[in-house]
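The values are calculated or read from the model by the stated rules, or taken from the named source; none is laboratory data. Just so it is clear, the model here is predicted, and its values are computed rather than measured. No Cβ is skipped: glycine too gets one built from the backbone with ideal geometry, and neighbour counts run over all protein chains shown. In case anyone asks, the SASA skips ligands and DNA or RNA and just uses the protein heavy atoms, side chains included. Shrake-Rupley method; radii C 1.70, N 1.55, O 1.52, S 1.80 Å.
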Amino acid sequence: MKKNRKPLSAGRIADAALALIDKKGLDGFSFRGLARVLGCEAMSIYHYYPSKAHLFDELVASCIREIEFPPAGADWLEQLRLFSQSFRRQALRHPGFFLYFAIYRMNNRAGLAFLDRLLSLLQLSGLPPERRAVHFRSVGYYLMGAGLDEAMGYIKGPSAAEPVPADEARRDFPAITAVGPYFSKDFHEQTFNDGLEALLANLKRDAERHAALQ
């Protein structure tokens, strides 16, 4: 390694890997490419991370650390609202890695601590475990779906072999044409927040109904 290079460390490797994946995507990532960015041999990385799975565990933990949980004591619905908005920001910061994050089984200590903290927040609703589980899944589905749509980009997905020309689409599919402009990036945040408020309103109603029956 050249003398003017920064010393290699687990943190430096993880930061460089996350930046590289966000730039090139999961398919474009390799230890060899990461080594070129770091100015070292690929084998040097294995000293810190024995496999790609070990490295990706750390990248998931790094993304988790970026998601903010509001201070305890605030209204639990507001805490959940702020958490959800922070989750979205994390997804947008790491568009290349979010696909992995979204389907990662959080069964290591960092992942379980993250899920436990979120479920502890839902526990403040006073709902029984079975209802908390339903709302946990609903919120999770929403955050993951929104994150994949915004971070990965629906428009970047595979296209039909013979897509309908724009002029024909406008003529034959007017319902799509009418709402099309509101699918643009300018409306993503408003759409996300509107959907989130609908979820929170349903959760609040459920919690109030349960409290009234006690």
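How many percent of the accessible area of the chain is carbon or sulfur, using a 1.4 Å probe?
Working: 7660 of 13540 Å².
Roughly 57 percent of what the probe reaches on the chain is carbon or sulfur.
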*Roughly how much of I67 is accessible, in Å² to the nearest 10, using a 1.4 Å probe?*
10 Å²
*Largest first, what is the accessible-area ranking of M43, M106 with a 1.4 Å probe?*
M43, M106
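Dipole size in debye (nearest 20) for the stretch 114-189 around its Cα centre, Lys and Arg Cβ +1, Asp and Glu Cβ -1?
On the way: 8 positive and 10 negative charges, 79 e Å.
Computed charge dipole of the stretch 114-189: roughly 380 debye.
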*If one computes the Cα centroid of the stretch 124-190 and of the stretch 11-71, what distance in Å separates the two points?*
29 Å
*Given +1 on the Cβ of Lys and Arg, -1 on the Cβ of Asp and Glu, and no further charges, what dipole in debye does the stretch 68-126 carry about its Cα centre, rounded to the nearest 20?*
260 debye
*Determine, at each q value in 0.24, 0.26, 0.29, 0.32 (inverse angstroms), the log₁₀ of I(q)/I(0) that the Debye formula gives when each Cα of the stretch 141-188 is one equal point scatterer.*
-1.03, -1.07, -1.09, -1.11
*How many nm separate the modelled label positions at L213 and S9, each set 7 Å beyond the Cα in the direction of the Cβ?*
5.4 nm
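Translational D (Stokes-Einstein, µm²/s) of the stretch 126-214 at 20 °C and 1.002 mPa s when Rh comes from the Kirkwood sum over C-alpha pairs? List each step's numbers first, then the result.
Numbers: Rh = 16.2 Å.
Translational diffusion coefficient: 133 µm²/s.
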_Net charge dipole size for the chain [Lys, Arg +1 and Asp, Glu -1 on Cβ; Debye, nearest 20]_ = 1020 debye
*Nearest 0.05, what FRET efficiency do H54 and L92 give at R0 = 22 Å with Cβ-Cβ as r?*
0.25
*With every protein chain left in place, what is the accessible area per residue of the chain in square angstrom, probe 1.4 Å?*
63 Å²
*asked:* I'd like the accessible area for V37, computed on protein heavy atoms only with a 1.4 Å probe and all protein chains in place. Round to 10 Å², please.
replied: 80 Å²
*Considering the options P174, A212, T191, tell which one lies farthest towards the positive end of the dipole of the stretch 161-214, charges being +1 on Lys and Arg and -1 on Asp and Glu at the Cβ, about the Cα centre.*
A212
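With the cut-off at 1.5 for a/c, could you classify the chain from its C-alpha gyration tensor as rounded, prolate or oblate?
Numbers: a/c = 2.71, a/b = 1.22, b/c = 2.22.
Taking the square roots of the gyration eigenvalues as a ≥ b ≥ c, the chain is oblate.
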*Residue farthest toward the positive end of the dipole of the chain, with Cβ of Lys/Arg at +1 and Asp/Glu at -1: which of L203, A161, A10?*
A10
